[in-house]
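Before any comments, here is the structure.
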Amino acid sequence: MQRALRVMVEKHRLQRYDPSIPRLGKREHLKEFGDLLLHQHQEKDTDNAFDNNEMLLKAEKQFMEAAKNNDVESMKVVGRGLNVNAKNVNDRTALHYAVAGKNKEAVQFLLQRRIKVDQKDRFGMASIHLAAWFGSLEILKLLVQAGAEQKVENEDGLNIMHCAALNNHTDIVEYIINDLQMKELDKEDNSGNRAFGLAAENGCVDMLEMLLEQYNMDTMKPNLVVPLPLSLPPGLPPSHQAGDTPLHLAASNGHLDAVHLLLLHFDTRDEANAEGETALYQAIDNGHEECALTLLKAGCEPNVFMDKSSVLHPVSERGDTGFVQLLLEYKADTNARNQDQEAPLHLAVKNNHIPVIHCLLTAGCDVNAINKRSQTALHVAADLAKIDVVEMLLKAEFDQTIQDKQGKTVLGVAARADEAIIVDMIIKAERYYAWRKANPELNEPVYSQFPLTFKPDHRVETKQFRSMVWRLAYELLKPADWKRLAEHWGFTTMQMSAIEQQWTGQHSYKEHGNRMLLVWLHGAELAGTSPAKELYQALVSTGNSKAADKIRMEEDKDKSKNCNIS
């Protein structure tokens, strides 16, 4: 396994971090510095003596702008008699901006003017943090020589080693350990992450390799676990509350190279965080397919049950067919239940994700699995009137006797919802499977030349006979006649009751008869019998010879027309 993983690391190595590109990380208050590097926040000079936005005198603002642009000559001119320690609204001095811009000459000038090197902005970031964050080793050395506090931490508990590690600045970490002899800075920040965890979270593979191979600073220890939300430190990022290992952090952020490296060096696979989530779960939940595939190939278990669900549940719910197929390929349990006793099929049906439903059914999931309301997926589909979904589930040979907690079968649910099409589809399916059971020697499809379907028939081939059925129901049958025909053909009391629940007015029985006849026609077609002959015999048997004769005459007339045309 280790050898295979090593091959994967070399084969699939992504483009590494480019140290020439400033890296901002996730801390929102540092984004402004990234913008400043591109000079996006420069403003035109005005005649105002005071800037209300920056809370600076005009000369102080000009001085800071010169520091941002490494314009030392302007700094000398503007800075005469000026307080170089002036702070803007964010408590930042010219030194903050000069360091963030990696402007060595401006930093040297400010240090000569004896600027305060340990001034923190309102987020606790000192200039030495910024030198480590933006990767300027020369400026970091200048600040150290000027007496900057090397153990200083910002409000997140980040020191200079953390700042360098999460931005992949290996030279700075080497300087901290080898020259400053401050390996003790490898400590937990307020989120419980050490340098190794921060490097994993940000996909810094060079940093991970150096910490592993040169300094033995690797760890798979989980970060901060907070028992109660009320005990969270102010401003703690939600992603750092759950006891994540470095593998969690790398996988959840989609850092494939980092995932490869961690799997190669550690046996960690299925460890769960405080919320019961594995690295595989987080990779999938955040949409990182390559990371998920890598974890599965490395032996991560797809059937670890989280506090609320299996990993297959969320992807089925959101309709992510790719992830569903991937998990099924690695033998994910299609019948696992969540906190509501729902199988993945229930969630896919709820959200009408037909490709996912198809995948689950093809994988052999239990179509009759029930949730805490004793509903099958077909109960849910019928209640939501999802005709295409109902069709798929009906073909999966459901158990028509299962009742929900209200005592309703699937047919009862559809009838209660007044979904006539779905009611008829279910009755067709019930009659079809009853016929199949009575004729086990027959193979599907039996005689019909058309694919099995329980949807309404709109084929041209049956249009003429369907028209004849309609005229029979609407013009020839009396109120009770359709029920006698239904009983003759073996319709159950429950099936007839479901048809009868549809109310279209005083003459509802006509539509009831039409629907029943179309359901019967569906079965006759599948069985390969002669619908005209069977209908005539049924009318005679139920005492309706007059209607039978009219139907026969009409059929003979239609046949004669067809012969004349031919």
Could you give the nm distance between label points at Arg459 and Gln403, where each point is 7 Å from its Cα heading toward the beta carbon? 3.7 nm
Rolling a 1.4 angstrom probe over the protein heavy atoms, how many square angstrom per residue are accessible across the range 82-140? 34 Å²
So how far apart, in nm, are the two label points at Lys151 and Leu82 if each is 7 Å from Cα heading toward Cβ? 3.6 nm
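With the other protein chains left in place, how much accessible area per residue, in square angstrom, belongs to the range 462-563 at a 1.4 angstrom probe?
52 Å²
Counting pairs of alpha carbon atoms under 8 Å apart in space and at least six apart in sequence, what relative contact order in percent does the range 462-563 give?
Computed value for the range 462-563: 30 percent relative contact order.
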Quick query: amide H of Leu56 versus all other amide H atoms, modeled in the peptide plane; which residues come in under 5 Å with a sequence gap of 5 or more or a different chain? Asp51
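Averaged over all directions, how much area does the convex hull of the C-alpha atoms of the range 462-563 cover when projected, in nm²?
6.5 nm²
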What part of the accessible area of the range 239-316, given as a whole %, is carbon or sulfur when the probe is 1.4 angstrom? 40 percent
Considering only protein heavy atoms and a 1.4 Å probe, what is the carbon-and-sulfur percentage of the accessible area of the range 66-117? 41 percent
Could you let me know the centre-to-centre spacing of the range 375-433 and the range 537-552, using Cα atoms, in angstrom? 33 Å
Kindly provide the pair-distance distribution of the range 243-290 built from C-alpha pairs, with 5 Å bins from 0 and whole-percent values in order of increasing distance. 5, 26, 36, 25, 8, 0
Apply the Karplus curve 6.51 cos²θ - 1.76 cosθ + 1.60, θ = phi - 60°, to the phi angles in the range 295-302 and return the couplings in whole Hz, x for Gly and Pro. 5, 5, 5, 7, x, 5, 8, x
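Sorted by average packing, counted as other Cβ atoms within 10 angstrom per residue and highest first, what order do 510-521, 482-493 take?
Packing order, densest peptide first, comes out as 510-521, 482-493.
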In Å², and per residue, what accessible area does the range 290-448 have when probed at 1.4 Å with the other protein chains present? 44 Å²
Using a 1.4 Å probe on the protein heavy atoms, what percent of the accessible area of the range 462-563 belongs to carbon and sulfur? 52 percent
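The values are calculated or read from the model by the stated rules, or taken from the named source; none is laboratory data. Just so it is clear, the model here is predicted, and its values are computed rather than measured. For neighbour counting, all protein chains shown are included, and Cβ atoms are generated from backbone atoms with ideal geometry for every residue, glycine included. For the accessible areas, the whole protein counts, side chains as well, though only heavy atoms, and no ligand, DNA or RNA atoms are used. Shrake-Rupley method; radii C 1.70, N 1.55, O 1.52, S 1.80 Å.
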